[in-house]
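**Student:** Below is a structure I'd like to ask you about.
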Amino acid sequence: MTAVMPEAGPVGMLAGLRRAGYTVERAGNFAVFDYLIEVGPQAGTTVRIGLELVPDWPLSAPHGPHISPCLGHPHGAVHNSALGQGWEHWSRPPADWAQDRTVRGYLRHLRTLFTQLESEPSA
């Protein structure tokens with residue numbers, strides 16, 4: 001069986017998000033899309049996700065998601081976002097990237113991050 005290599009670079013990352021069903025817009029060096037939180041205490045909430053477009057995708061993953069509105073994260077490492085006011089950057093690179101370098105793997109990482117949220121935003 002032959003493994004299929006995903007498309008590379010920002011174009012491949014954008015294409016993968018679109019294949020996963022997201023309507024993605026490009027905002028400078030970011031892919032931005034609506035994301036329905038499916039798990040955790042914020043389940044049912046729609047947020048905007050911004051992912052920095054990685055030049056060597058899929059070898060490297062985005063450093064961490066940019067979120068709007070600001071929800072905070074109970075594990076800290078929340079920073080101002082390059083996307084501007086109303087956005088925050090969660091410094092949370094995926095720990096298991098080497099095992100699954102795909103959009104699906106990154107979306108699984110997002111799901112895990114949202115399960116860790118508290119009932120009320122901490123931002």
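**Student:** Angle, helix 103-115 long axis vs. longest principal axis of the chain, Cα atoms, 0 to 90°, nearest 10?
**Tutor:** That works out to roughly 10 degrees.
**Student:** Continuing with the same structure: Taking a quarter of the surface of the convex hull around the Cα atoms of the chain, what do you get in nm²?
**Tutor:** On the way: hull surface 30.1 nm².
The Cα convex hull of the chain, projected and averaged over all directions, gives 7.5 nm².
**Student:** Using a simple charge model, +1 on the beta-carbon of Lys and Arg, -1 on the beta-carbon of Asp and Glu, nothing else, what dipole does the chain show about its Cα centre, in debye to the nearest 20? List each step's numbers first, then the result.
**Tutor:** Numbers: 9 positive and 11 negative charges, 52 e Å.
Computed charge dipole of the chain: roughly 240 debye.
**Student:** Nearest 10 degrees, 0 to 90: what angle lies between the long axis of helix 9-19 and the longest principal axis of the chain (Cα atoms)?
**Tutor:** 70
**Student:** Now for a different question. Taking amide H atoms as placed 1.01 Å from N in the peptide plane, list the residues 5 or more away in sequence, or in a different chain, whose amide H sits under 5 Å from that of Phe30.
**Tutor:** Leu53
**Student:** Right, here's the next one. Where Rh is the Kirkwood radius over the Cα pairs of the stretch 39-92, the temperature 25 °C and the viscosity 0.890 mPa s, what D in µm²/s does Stokes-Einstein return? Spell out each step's value before the answer.
**Tutor:** Working: Rh = 12.0 Å.
It comes out at roughly 205 µm²/s.
**Student:** Same structure, new question: Per-residue ellipticity at 222 nm for the chain, helices alone: DSSP H runs ≥ 4 residues times -39500 (n - 2.57), over residue total, nearest 500 deg cm²/dmol?
**Tutor:** Details: 2 runs with 24 residues, N = 123.
Taken over the chain, the calculation gives -6000 deg cm²/dmol.
**Student:** What residue among Gly76, Gly64, Gly105 shows peak mean-square fluctuation when the chain is described by a Gaussian network model with Cα springs under 10 Å?
**Tutor:** Gly76
**Student:** Which of Val11, Val78 has the fewest other C-beta atoms within 10 Å, and how do the rest follow up to the most? Let's see the in-between values first.
**Tutor:** Working: Val11 11, Val78 20.
Arranged by neighbour count, lowest to highest, Val11, Val78 become Val11, Val78.
**Student:** Stretched out fully, how many nm does the piece from Leu59 to Gln99 gain, at 0.36 nm a residue minus the Cα gap?
**Tutor:** Working: separation 40, 0.36 × 40 = 14.40 nm, distance 1.10 nm.
Fully extending the segment from Leu59 to Gln99 adds 13.3 nm.
**Student:** Between beta-carbons, use under 15 Å as the cut-off and find the net charge around Ser60, counting Lys and Arg +1, Asp and Glu -1.
**Tutor:** Here the charged neighbours net out to -3.
Read the figures in this text as sums done on the coordinates, not as results from a lab. The shown structure was predicted, so the numbers you read here are calculated from the model rather than taken from an experiment. Reconstructed Cβ throughout: ideal geometry from the backbone, glycine too, with neighbour counts over all protein chains shown.
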